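The values are calculated or read from the model by the stated rules, or taken from the named source; none is laboratory data. Because the structure is a prediction, the values reported are computed rather than measured. So basically every Cβ, Gly included, is an ideal-geometry build from the backbone, and we count neighbours across all protein chains shown. Surface areas here come from the heavy atoms of the whole protein model, side chains and all, with no ligands, DNA or RNA. Shrake-Rupley method; radii C 1.70, N 1.55, O 1.52, S 1.80 Å.
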Amino acid sequence: MTIEVLGSIGCGLIAGSFALLAFGGDSLIELISGLAVLGGLRKDSLRRSGDETHRKKTDQFTSALLFALIPVIGLGAVISYLTGLKTERSLLGIAIAVGAVIVMPYLYVQKKRIGRETRSLSLSMDAVESATCLFMATALLGGLLTEYFFGLWWADYLATGVILGFVAKEAVESRDELHEAASQRTEAVSV
């Protein structure tokens with residue numbers, strides 16, 4: 001994930017590709033989320049009981065990052081389009097997208113399996129982020145390949161729009177999950 005984050009953001013800056021930058025930003029959030037989940041699992045294993053406050057804060061932080069990413073991606077893409085910025089071809093960006101398309105299904109399956117075995121809802125939710133990353137990587141790869149082989153510079157903006165849609169969907173779903181978990185806790189306390 002670290003390679004994906006640094007590679008996507010670095011290539012995005014060099015090539016002027018908002019699709020790569022958006023993918024890198026979402027990957028950064030997924031990395032932070034994964035580290036938080038890992039930290040929570042480690043604390044749980046040491047204490048033999050879950051720290052609900054830590055999980056709640058982690059989930060809120062990750063959700064806030066997703067919502068913060070939406071205007072960054074959207075405004076950045078609009079400004080670059082209005083100023084006439086056209087992306088450069090990026091073989092390294094294509095390689096990163098191919099790598100993500102290969103690795104993300106494996107991560108999804110493993111996180112889902114371990115989440116089921118450990119009964120960790122946060123790890124199971126993190127697995128869904130890996131599946132979403134696979135779809136975004138596919139959109140990114142399509143945009144980069146279209147731009148690379150056919151010179152259609154606007155394909156980067158189309159891929160950015162698709163990625164932005166995925167990020168917005170993730171953000172709304174994470175907010176809904178937080179509200180649902182909070183209402184379940186409230187119901188459990190009142191019973």
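Under the rule a/c < 1.5 gives rounded, and otherwise a/b versus b/c splits prolate from oblate, where does the stretch 86-191 land using the Cα gyration tensor? Oblate, because a/c is 1.5 or more while a/b does not exceed b/c. Estimated from helical segments only, the mean residue ellipticity of the chain at 222 nm is -32000 deg cm²/dmol, where each DSSP H run of four or more residues counts as -39500 (n - 2.57).
Once the 1.4 Å probe is applied to the protein heavy atoms, the stretch 67-151 comes out at 56 Å² accessible per residue. For Tyr81 and Arg119, a Förster radius of 41 Å and the Cβ-Cβ distance give a FRET efficiency of 0.35, rounded to the nearest 0.05.
Our coupling estimate for the stretch 161-167, obtained by passing each phi through the Karplus curve with A = 6.51, B = -1.76, C = 1.60 and θ = phi - 60°, is x, 5, 5, 4, x, 5, 5 Hz, Gly and Pro reported as x. Highest mean first, the peptides 22-31, 91-100 sorted by other C-beta atoms within 10 Å per residue fall in the order 22-31, 91-100.
Which of the peptides 105-114, 132-141, 59-68 is most tightly packed, and how do the rest follow, going by the mean number of other Cβ atoms within 10 Å of each residue? Walk me through the intermediate numbers first.
Numbers: 105-114: 15.5, 132-141: 22.5, 59-68: 17.8.
The most tightly packed comes first, giving 132-141, 59-68, 105-114.
The string of couplings for the stretch 142-156 from the Karplus curve (6.51, -1.76, 1.60, θ = phi - 60°) is x, x, 5, 5, 4, 5, 5, 7, 10, x, 7, 4, 6, 4, 5 Hz, one whole number per residue in order, with x for Gly and Pro. Measuring nothing but protein heavy atoms, the accessible surface of the stretch 1-151 at 1.4 Å probe radius is 69 percent carbon and sulfur. Basic side chains Lys and Arg get +1 at the Cβ, acidic Asp and Glu get -1 at the Cβ, and with that the dipole of the chain about its Cα centre reaches some 500 debye.
Over the chain, what relative contact order in percent results from Cα pairs under 8 Å that are six or more residues apart? Let's see the in-between values first.
Numbers: 214 pairs, mean separation 53.4, N = 191.
Relative contact order for the chain comes out at 28 percent.
3J(HN,Hα) along the stretch 100-105: 5, 5, 7, 7, 4, x Hz, from the Karplus curve 6.51 cos²θ - 1.76 cosθ + 1.60 with θ = phi - 60°, whole Hz, x for Gly and Pro. Sorted largest first by accessible area at a 1.4 angstrom probe radius, with every protein chain in place, the residues Glu170, Glu88 fall in the order Glu88, Glu170.
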